[in-house]
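Heads up: the structure comes next, in structure tokens.
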Amino acid sequence: MPNLLADQIDVLAAFTPTELPVISLYLNTQSDDHGRDHFASFIRKEFHTRAKTFAPQSPARASFALDVIRIEKYLATELRSSTNGLALFACAGAENFFEAVQLNAPLEHHEIYVDHRPHLYTLSLVNKQFPRYAAVLADTNSARLFVFGLSTTISEDLVESPKTSRTQMGGWAQARYQRHMQNDHEQHVKEVLEVLDRVVRKEEIEYIVFAGDQVVIPLLEKQLSPFLAAKVIDVLRLDIHAPERQVLETTLAAMRRQDAKDDAEMVERLIGDYRSGGLAVVGVADVLAALSKGQVEEVLLSASLKQFQADDGEQSVPWVESATPSGDATYETIMAQAQQTGAQCRLIEDAALLADVGGIGATLRYRE
């Protein structure tokens, strides 16, 4: 199964910039202890303030007004009660463009942007912070196999084997019993790994987290195929009966640690290649230049990169603004150019890693 959110981000990044306003609205839709949400006053205030920036009777004002009506209707009739985060993108004047992404993963705060194209920084950050992965929670008789993604359970499988009864024995009988029990445990582990292999291949899983007791973990590791072993990023201690939410939170923390480690290693390789004159560039100007020529393989972009006004010939529009500083023109420009040339974009959450090179770098396919 492909990463559907990543596919949605790619589609949104391919949006052709327009002189009409494109609304990008991010809402934390979590209910409080009384079951109430707290975004109505935010959108009412922001829509009212934005509307006043357009000339009366202008196409931009008309497009914006239609978007507000459609968004308000969507929130009233189509927002699911289970949704914790919502991303909406709308531009009525661009062939009634409207995309909504309801997420189980929460958003930290409300954000609104009105610009030439969708602002995708926050959606991309959610995709990175809540990746899709497999978690295996096992003991010697049973196993629970989960696929998690975007802070929710995508699928769950249960593997159970008959429990071996314990009796008091001695001598050769005890030794035979121990061998029989060991064989049962190994057969159970084999069945667990067969199910895991099928799930990983079907769901196109890139990462696996193991959790279990001190008896089953060595057996799992011993029988791992090279295909599965390459995907295991951590081994944890968890009781087989741990609540599903605890399994999700504990394994997600392991994924976040691995992600931070991967970020650091990728930046280290990038800086090393740049120092040695290899296939790498750093800094906003050089990365944008390389993107424009189709040279870029992957962009590493600091999550704290500040706004940069690219010299791309676009005319400024008075109403282009945002409600928070977290989404910036550089990220949207880079993401759009990367999508057009088949390059990848990776957010680096630790700002210190890329701080000395302007918050951005890229690996190259070739040099001119």
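The values are calculated or read from the model by the stated rules, or taken from the named source; none is laboratory data. Just so you know, these numbers come straight off a predicted model, no measurement behind them. Counting neighbours? That spans all protein chains shown, and the Cβs are built from the backbone with ideal geometry, glycine included.
Kindly establish whether R80 is modelled with pLDDT under 95 and outside the structural domain of V147 (by TED's automatic domain parsing).
Values: modelled with pLDDT under 95: yes; outside the structural domain of V147 (by TED's automatic domain parsing): yes.
Yes, satisfied.
Return yes or no: is L12 in the same structural domain as T122 (by TED's automatic domain parsing), in contact with a Phe, Trp or Tyr (Cβ under 7 Å, 6 or more places away or on another chain) and under 30 Å from V147 (Cβ atoms)?
Working: in the same structural domain as T122 (by TED's automatic domain parsing): yes; in contact with a Phe, Trp or Tyr (Cβ under 7 Å, 6 or more places away or on another chain): yes; under 30 Å from V147 (Cβ atoms): yes.
Yes, satisfied.
For the structure I just gave you, tell me whether A290 is in the same structural domain as L353 (by TED's automatic domain parsing), surrounded by 19 or more Cβ atoms within 10 Å (Cβ to Cβ) and assigned to a helix (DSSP H, G or I).
Details: in the same structural domain as L353 (by TED's automatic domain parsing): yes; surrounded by 19 or more Cβ atoms within 10 Å (Cβ to Cβ): yes; assigned to a helix (DSSP H, G or I): yes.
The answer is yes for A290.
Considering only residues that are acidic (D, E) and surrounded by 17 or more Cβ atoms within 10 Å (Cβ to Cβ), which ones fall in segment 64-104? Steps first, answer last, please.
First pass over segment 64-104, keeping only residues acidic (D, E): 67, 72, 78, 95, 99.
D67, the sole residue that qualifies.
Which of the strands (runs of 3 or more DSSP E) found entirely inside segment 21-130 contain at least 1 residues meeting this: among the hydroxyl-bearing types (S, T, Y) and more than 30 Å from R245 (Cα to Cα)?
Values: elements: 22-28, 85-91, 97-103, 111-115.
Hits in segment 21-130: 22-28, 111-115.
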